[in-house]
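One structure is given below, encoded as structure tokens.
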Amino acid sequence: MTPGAPDLANDHDGPCAVCGAVVPAGAGVLRHGPAGGWQVFHPGHVPEPAPPPRQDLPGWHRRRLLALDITTTGYRAGVDRILTAAVRGSDGATGDWIMDPGSDVPPPALGTPSGAARERATAEGRPAARALDELAALVAGHLAANEILVVWFAPYVLTMLHAELLRHGVPTLPDRLPHGVAPVCDPLVLDRHADRYRPGSRSLRAVTAWYGVPHAHPGEAASDAEATLELAQVLASSYPAVARLSRPALHTEQIRWNAEQSRRHPDAPEWPFAAVEPLPWADPPAA
């Protein structure tokens, strides 16, 4: 259902999911049930939309997780450049990088938010090759230990990282991980799978707000990484079927779920990333 859409009525008699009394055909309200299928409610018993309660569940979310996020000059894989990167670990590990985008990347219009970020990266950023090598080594070391890397919208973040590593002649994650870039957890894919009928935005800001996850500074790599890390833990504790997946199964299932979610978008990027070659800088098209 979409926001503002009329409620669906029940075509047949059925028990109310709250009180158990029979709801006559046409007199109740239908809602998607938490395990799929439909539930019927008396009009006065329709619950307010809310995420499922968190449970004390064992699972992969209790292991050592590392979340990664970046900010960039734009969203064109292979063309745009990474400006900042951050990692946050469930064990308290942190890492932050500011990268000089290079002299071939002109600043955008003065006074724009992206312009301010670009100016800071140019003024304070370290040589990109050195910073990227440190970042890739940390991420690859975590994955090599068979621990989960958490990345919101992994195809964007990991594809950008892959192209930037190639651009600067730094070994890529596949170069460092002969058994593949896995296991990865993408909370966007998990949320779309576990609560596929929820209306509204699926931006990181919207999804963290829905699950009550703190997100102090949306758009900043460090804040986004912190929020993404906690969001992955909350999703697993809210959905037992997600929590009980093994780490390899979690990764494999997300490939399948993402394919299902993207089937109407043939140009959707591969999950968890595409091996995009770097391209020369080109100004983005005029709005």
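What nm distance separates the two modelled labels at A21 and R54, each placed 7 Å from Cα along Cα→Cβ?
Taking the two extended label points, one gets 3.6 nm.
Heavy-atom accessible area per residue, the chain, 1.4 Å probe: how many Å²? Before the final figure, lay out the partial values.
Values: 14460 Å² over 287 residues.
Here the residues of the chain average 50 Å² of exposed surface.
Can you compute the helix-only [θ] at 222 nm over the chain? Use -39500 (n - 2.57) per DSSP H run of at least 4 residues, normalise by all residues, nearest 500 deg cm²/dmol.
Working: 9 runs with 100 residues, N = 287.
Estimated from H runs of four or more residues: -10500 deg cm²/dmol.
Just by accessible area at a 1.4 angstrom probe, what is the order of Y197, Y211, Y156 from largest to smallest?
Working: Y197 115, Y211 10, Y156 45 Å².
Ranked from most to least accessible, the order is Y197, Y156, Y211.
Picking from G180, V242, L279, whose Cα lies most toward the positive end of the charge dipole for segment 173-287 (charges on Cβ: Lys, Arg +1; Asp, Glu -1)?
V242
Run the accessible area of the chain with a 1.4 Å probe and give the carbon-and-sulfur part as a rounded percent. Intermediate results must be reported in sequence, preceding the final value.
On the way: 8130 of 14460 Å².
Answer for the chain is 56 percent, counting heavy atoms of protein chains only.
Given labels modelled 7 Å from the Cα in the Cβ direction, how far is it in nm from R120 to R244?
Going by the 7 Å Cα→Cβ label model, 4.5 nm.
With springs connecting C-alpha atoms under 10 Å apart, model the chain as a Gaussian network and identify which of H265, H215, H162 has the largest mean-square fluctuation.
Result for the chain, Cα springs under 10 Å: H265 fluctuates most.
Which FRET efficiency, nearest 0.05, do R62 and T94 yield, Cβ-Cβ r, R0 25 Å?
FRET efficiency, R62 to T94: 0.80.
The values are calculated or read from the model by the stated rules, or taken from the named source; none is laboratory data. Model, not experiment: these values are computed from the prediction. A quick note on method: Cβ atoms are made from the backbone with ideal geometry, for glycine too, and the neighbour counts reach across all protein chains shown. Side chains are part of the model used for accessible areas, which takes the heavy atoms of the whole protein and leaves out ligands, DNA and RNA. Shrake-Rupley method; radii C 1.70, N 1.55, O 1.52, S 1.80 Å.
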